[in-house]
Amino acid sequence: MAEDSVHRYQATCSWSGSTADGYEHYGRAHQGTAPPAAPELTLSSDPAFRGDPTHLNPEQLVVLAAASCQLLSFLAVAARARLDVRDYHDEATATMPEADRPIRLAEIVLRPRIQLAAGPTEDRVRHLVDVAHRECFIANSLATPVRVEPVIEFVDVG
């Protein structure tokens with residue numbers, strides 16, 4: 001990849017309806033796409049803000065983006081280090097206290113459970129988790145702190 005490459009991303013959001021009856025009465029559902037990917041998502045606001053809990057909301061998408069980016073960054077770092085990662089599962093969370101103004105995600109916590117073939121030390125794997133976190137494009141783009149709390153397990157593959 002050229003050092004001066006500029007990557008561009010596109011997203012489209014659309015909504016239609018009426019807000020004439022006030023805050024309590026308009027639908028929060030809207031559609032989002034990110035071409036060239038074909039799937040269209042139906043999104044909503046957080047249920048605390050009158051959204052539909054059966055649809056993803058923007059806050060969830062930020063947490064998901066942070067978790068996905070850490071996963072992809074770690075797999076890349078591990079592959080370059082010739083580690084044999086067998087499973088990676090993250091239960092990521094975020095907090096957004098309404099008392100702190102302006103309201104924003106205060107912290108994202110990633111809790112990946114990483115299974116690897118025996119060989120490297122746990123310290124080596126933790127170091128690579130940290131390297132991946134430093135290389136994570138999304139974490140580097142956010143003002144919200146992103147903390148990674150990995151659980152590392154070694155499995156027999158033979």
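The values are calculated or read from the model by the stated rules, or taken from the named source; none is laboratory data. None of these values were measured; they are calculated from a predicted model. Note: ideal-geometry Cβ built from the backbone for every residue, glycine included; neighbour counts use all protein chains shown. The area values use the complete protein model at the heavy-atom level, side chains included, leaving out ligands, DNA and RNA. Shrake-Rupley method; radii C 1.70, N 1.55, O 1.52, S 1.80 Å.
In this simple spin-label approximation, Arg50 and Gln115 carry label points 7 Å from Cα along the Cα→Cβ vector, and these lie 4.6 nm apart. Hey, in the GNM for the chain with a 10 angstrom Cα cutoff, which one of Ile138, Ile103, Ile114 fluctuates hardest? For the chain, modelled as a Gaussian network with Cα springs under 10 Å, the answer is Ile103.
When nucleic acids and ligands are ignored and a 1.4 Å probe is applied, His55 ends up with an accessible area of around 50 Å².
Computed over neighbours whose Cβ is under 15 Å from that of Ala66, the net charge equals -2, Lys and Arg +1, Asp and Glu -1. Normalised by the number of residues in the range 90-141, the mean separation of alpha-carbon contacts (under 8 Å, six or more apart) gives a relative contact order of 26 percent. For Arg50, the shell of other residues with beta-carbons less than 11 Å away shows a net charge of -2, using +1 for Lys and Arg and -1 for Asp and Glu. Give me the percent of the accessible area of the chain that comes from carbon and sulfur atoms, probe 1.4 Å, all protein chains in place. Exposed carbon and sulfur together represent 53 percent of the surface.
Taking every alpha-carbon pair under 8 Å whose residues sit at least 6 apart, the chain reaches a relative contact order of 17 percent.
Give me the Kirkwood hydrodynamic radius of the range 1-157, using the inverse of the mean 1/r over all pairs of distinct Cα atoms, in Å to one decimal.
Hydrodynamic radius (Kirkwood, Cα only) of the range 1-157 equals 18.1 Å.
From the protein chains alone at 1.4 Å, what is the descending order of accessible area for Phe74, Phe49, Phe137, Phe154, largest first?
Largest accessible area first, the list is Phe137, Phe154, Phe49, Phe74.
Take the Cβ atoms of Arg126 and Met96, set R0 to 35 Å, and the FRET efficiency comes out at 0.80.
Sites listed here are trypsin sites (Lys or Arg not before Pro) in the range 1-70 whose DSSP assignment is loop and whose Cβ has at most 10 other Cβ atoms within 10 Å: Arg8. For the range 31-120, GluC sites (Glu not before Pro) meeting the loop criterion (DSSP other than H, G, I, E, B) and having at most 12 other Cβ atoms within 10 Å: Glu40, Glu91, Glu98. Net length available on complete extension from Ala81 to Ala20 is 16.2 nm, with 0.36 nm assigned per residue and the Cα-Cα distance removed.
Between the range 3-74 and the range 104-158, the alpha-carbon centres lie 25 Å apart.
Computed with a 1.4 Å probe over protein heavy atoms only, the accessible surface of the chain comes to 66 Å² per residue.
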